[in-house]
Amino acid sequence: MNIKERAREILAGMTLEEKLGQLNMLYIGMYDNGIDELKKAVRAGDGGSVIIAGSIVPGDGDDTELHKEIAELQRIAVEESPSKIPLLFGRDVIHGHKVVNPIPLAMSASFNFDLIKEAYAETGEEAMCDGINWTFAPMLDMARDPRWGRVIECPGEDPYVGTKVAKAVVEGFQGTEMPYKMAACAKHYIGYGASEGGRDYHRAEISDYSLRNYYTKAFKSAADANVLTVMNSFNEINGQPTTSSKYYLTDILRGELGFDGFVVSDAGAVHQLTRQGVAKDYKDAAGLALNAGLDMEMNRLCFPNLRELIDEGKVTVETVDTAALRIIETKLKLGLFENPYSQHSTFDLNKHLETSRKLAGESVVLLKNKDNILPLDKEAKIALTGPFLHTKRDLLGCWTLDFDLDYVTTIGDAIKAVAPNATEFTALRQYDLKNYDTVVAVLGEAFDITGEAHSVTDISISKAQAEEIHTLKRLGKKIIAVISAGRPLALSEIEEEVDAIVYVWHGGTQTGLAAADVLFGDVCPSGRLPITFPRVTGQIPIFYNCPPSGRLCNGYYSDDLQWTNYEDCLSTPLYPFGYGLSYTEFEYSDMTVSKEKFTLDELKNGIKASVTVSNTGNRDAKEVVQLYIRDLKASYTRPLKELKGTEKLLIEIGKAVTVHFELTDKDLGYFTPHGEYIVEEGEFEIFIGHDSYTENKITVELF
Ligand code: BGC
């Protein structure tokens, strides 16, 4: 019997009350008497899942207790509840668990999607040791506005990177075969990253043209990787809250993207329909959400009204059946009916720390390296300073609930461990610093001005930090800025004064060690920007895959002062998408394509493009080879560049490697505003190079 048949058989034996119970997520915070009352609710069959997000959480206390409590709740569900259906235990395991990996935005910077998958598999294992079988990740909201606090959680500004991250994270958590290890959740569907002005929970205006060509791509990839669940987003799009939108939740998500699991609401999203002004009351909200295609309510506030709505004929039993079936199918796919309890009790901490260090190292982006001041000599006399020299918690970033600060080495300590002549200074006085030519200043932003409901209006490096750099400059020092942050910071104020910028992000547990690895050359920097770094906040939104304008002011790509976008600032970003330096030099040559003119049928079979990349410097190093396309003439405006392939590879000193890519009709076409996917005849430019500014290209023609 296949999963669908088994689910139907289980459903056939359930009462309507039991089915309705499955559609709720229980939360301990809802009950005055905490765990006892939660157990009572599970025993009564009130929920299909429990969110672990309150006081019985790992990290907040004794993990053994948590594991035991989860096992006990599961025992009650499978032995004492009316339907005996096992529970899902969901938690925000976003970028690590005990071992915290870099924030998702930083992970994207690694462009090492295999390593991301490995890291998520290890994170999942740690969470499963605590009894968690459902994580609310990956977050796949494409975002072009770094003011938005949640930019830390997203894959960046590019849909292609989003598709790669989606697959890596889903497969890392779930595995690729049934029974899946745990359930992943692609969130927040959809358009949350387009919140106007970076204001969290705010409205978004997204045309159908942009929706399908940019925003849904990562979710499609998650669906293709069999993601078991999707979480809807809080925002409205063009006047429709996604929570009550059949168009987004059913027609597009299931009809077009092929998603086959269940949709859970984000916290409070159902009852917020009343505040958004489309539902009269909680009951009305429940009907709107379920009828739109939302299967489970987080926090069980509105869905208890469903019974009444059925009696009133506003919701059908078939709709309830459909939602319950999807939830039961998910539990079957996880093998929970056979093994309701966690099968994990230990994990290999050292291995996970090692993976995390690798990933943190590969996420570091070297933005500036004047006169090759880096890497530093380990014997050199270096002064250390800056407000983030000894922070631990900030390095982990937000959305991490289970960290252990004992595993964290500060950036200052990590440097001192390898460089015995490094000395710390808090007061930046000429007399004290007279024996030091080089200063490493550890700058950045605190973890708690990033994340949910933590947006900012100004992404500039803080005034106090800029002042420190000005002082060091006045003292004639060579300055290496190490920046730990959760978003792109606008660095114009200090960029010219510093000799090097090493962007280490909120890189997780291993940020400090990874920073030292890069500063002293044990690791050659290989991170590339997954999001544009503006010069100033006022340039936002600024992203690389923008369409051409009718005048010559293609801001992102030109500083033509006659056709500038702004009177008070250059048009170009400070650092473009895909950018990042290395300690070696790479040369691109011999770009070829298998056919310069081809038919649609030939394209469907794949057109090959290749390039030779040589390491002409003096270090073995990894390069991220990037392939972009441009559709030169189309029925609708198309981006000036669109990323369609990346390959990260190690190239030894003096070696040359030929890198191959394949393009098909899936790469050269696009969705019209009416949702039709078309591939149009005409010329396309194919670029292969080091970043989105590459001009290394061949023009091909589809006829
Ligand atoms: C966030 C989600 C998260 C949920 C549960 C919400 O406020 O938007 O991303 O998964 O809370 O903690």
Could you say whether any residue in the range 445-454 is outside any helix (DSSP H, G or I), more than 16 Å from the ligand (Cβ to nearest atom) and farther than 17 Å from Leu105 by Cβ?
-> no
Please indicate, with yes or no, whether at least one residue in the range 346-368 is closer than 30 Å to His67 by Cβ and at pLDDT below 95.
-> yes
Qualifying position, being in contact with a Phe, Trp or Tyr (Cβ under 6 Å, 6 or more places away or on another chain), under 15 Å from Ala137 (Cβ atoms) and not basic (Lys, Arg), among Thr242, Thr229 | Thr229
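Could you please find all residues in the range 678-696 being more than 17 Å from Thr599 (Cα to Cα) and in a strand (DSSP E or B)?
Those that are more than 17 Å from Thr599 (Cα to Cα) and in a strand (DSSP E or B): Phe687, Ile688, Gly689.
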Residues that are part of a loop (DSSP other than H, G, I, E, B) and among the β-branched types (Val, Ile, Thr), drawn from the range 346-393 | Thr346, Val364, Ile373, Thr391
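Condition check ((1) in contact with a Ser or Thr (Cβ under 8 Å, 6 or more places away or on another chain); (2) under 20 Å from Gly258 (Cα atoms); (3) touching a residue at least 60 places away in the same chain (Cβ under 8 Å)) across all residues:
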site	(1), (2), (3)
Glu153	no, no, yes
Gly156	yes, no, yes
Lys167	yes, yes, no
Cys185	yes, yes, yes
Number of the condition not met by Pro541 [criteria: (1) closer than 24 Å to Glu493 by Cα; (2) out of contact with any Cys (no Cβ under 9 Å at 6 or more places or on another chain); (3) modelled with pLDDT under 95] = (3)
How many residues does the range 175-191 hold that are under 26 Å from Lys644 (Cβ atoms), buried (at least 24 other Cβ atoms within 10 Å of the Cβ) and either more than 15 Å from the ligand (Cβ to nearest atom) or more than 13 Å from the chain's Cα centre (by Cα) (or both)?
-> 4
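So, Arg326, is that one modelled with pLDDT under 95 and crowded, with 18+ Cβ neighbours inside 10 Å or not?
No.
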Tell me which of these Thr322 doesn't satisfy, since it passes every other one: (1) closer than 29 Å to Ile531 by Cβ; (2) out of contact with any Ser or Thr (no Cβ under 6 Å at 6 or more places or on another chain); (3) free of Cβ contacts under 8 Å to residues at least 60 places away in the same chain.
-> (1)
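For every residue, the table says whether it meets (1) within 25 Å of Ala183 (Cβ to Cβ); (2) under 28 Å from the mean Cα position of the chain (by Cα); (3) outside the structural domain of Gly255 (by TED's automatic domain parsing).
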residue	(1), (2), (3)
Gly287	no, no, no
Asn291	yes, no, no
Glu297	yes, yes, no
Val320	yes, no, no
Arg326	yes, yes, no
Glu329	yes, yes, no
Ala279: aliphatic (A, V, I, L, M), within 15 Å of the ligand (Cβ to nearest atom) and surrounded by fewer than 24 Cβ atoms within 10 Å (Cβ to Cβ), yes or no?
-> no
Applying the selection to the range 640-671, what residues are more than 30 Å from Asn618 (Cβ to Cβ) and buried (at least 16 other Cβ atoms within 10 Å of the Cβ)?
-> Leu640, Lys641, Glu642, Lys644, Leu663, Asp665, Asp667, Leu668, Gly669, Tyr670, Phe671
Number of positions in the range 206-244 that are farther than 24 Å from Met296 by Cβ and within 16 Å of the ligand (Cβ to nearest atom) | 0
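Check Leu290, Leu294, Leu309 and return the single one that is out of contact with any Lys or Arg (no Cβ under 8 Å at 6 or more places or on another chain), more than 15 Å from the ligand (Cβ to nearest atom) and either of a type in the set (Asp, Glu) or at pLDDT 95 or above (or both).
Working: Leu294 fails: more than 15 Å from the ligand (Cβ to nearest atom); Leu309 fails: out of contact with any Lys or Arg (no Cβ under 8 Å at 6 or more places or on another chain).
Only one candidate qualifies: Leu290.
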Checking Leu249 against (1) under 27 Å from Tyr180 (Cα atoms); (2) within 16 Å of the ligand (Cβ to nearest atom); (3) surrounded by 23 or more Cβ atoms within 10 Å (Cβ to Cβ), which test does it fail?
-> (2)
Within the bounds of the range 261-268, is there any residue that is more than 18 Å from Met139 (Cα to Cα) and either touching a Ser or Thr at 6+ places or on another chain (Cβ under 7 Å) or part of a helix (DSSP H, G or I) (or both)?
-> no
Output for the range 4-21, where each listed residue is part of a helix (DSSP H, G or I) and surrounded by 14 or more Cβ atoms within 10 Å (Cβ to Cβ) | Arg6, Ala7, Arg8, Ile10, Leu11, Leu16, Glu18, Lys19, Leu20, Gly21
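Let's see how each residue does on (1) of a type in the set (Lys, Arg); (2) touching a residue at least 60 places away in the same chain (Cβ under 8 Å):
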{"site": "Leu640", "(1), (2)": "no, yes"}
{"site": "Lys644", "(1), (2)": "yes, yes"}
{"site": "Ile651", "(1), (2)": "no, yes"}
{"site": "Gly654", "(1), (2)": "no, no"}
{"site": "Asp667", "(1), (2)": "no, no"}
{"site": "Pro673", "(1), (2)": "no, yes"}
{"site": "Glu676", "(1), (2)": "no, no"}
{"site": "Val679", "(1), (2)": "no, yes"}
Answer yes or no: is there a residue in the range 404-414 that is in a loop (DSSP other than H, G, I, E, B) and either free of Cβ contacts under 8 Å to residues at least 60 places away in the same chain or not β-branched (Val, Ile, Thr) (or both).
-> yes
Scan the range 232-250 for residues that are more than 16 Å from Ser195 (Cα to Cα) and touching a residue at least 60 places away in the same chain (Cβ under 8 Å) and jot them down.
-> Leu249
Within the range 137-163, restricting attention to residues that are in a helix (DSSP H, G or I) and more than 16 Å from the ligand (Cβ to nearest atom), which residue is surrounded by the most Cβ atoms within 10 Å (Cβ to Cβ)?
-> Gly162
Looking at Thr564, is it free of Cβ contacts under 8 Å to residues at least 12 places away in the same chain, of a type in the set (Val, Ile, Thr) and in contact with a helix residue (DSSP H, G or I) (Cβ under 9 Å, 6 or more places away or on another chain)?
-> yes
Filter the range 97-136 down to the residues that are among the aliphatic types (A, V, I, L, M), surrounded by 24 or more Cβ atoms within 10 Å (Cβ to Cβ) and more than 16 Å from the ligand (Cβ to nearest atom), then identify the one that is nearest to Arg393 (Cα to Cα).
-> Val100
Does the range 672-695 hold any residues that are closer than 30 Å to Leu574 by Cβ and surrounded by 14 or more Cβ atoms within 10 Å (Cβ to Cβ), and which are they?
-> Phe684, Glu685, Ile686, Phe687, Ile688, Gly689, His690, Asp691, Ser692, Tyr693, Thr694
Kindly indicate whether Ser221 is part of a helix (DSSP H, G or I) and free of Cβ contacts under 8 Å to residues at least 40 places away in the same chain.
-> no
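The values are calculated or read from the model by the stated rules, or taken from the named source; none is laboratory data. Just so we're clear, the structure is a prediction, and the values are computed from it rather than from any experiment. With ideal geometry, Cβ positions are generated from the backbone for all residues, glycine too; neighbour counts draw on all protein chains shown.
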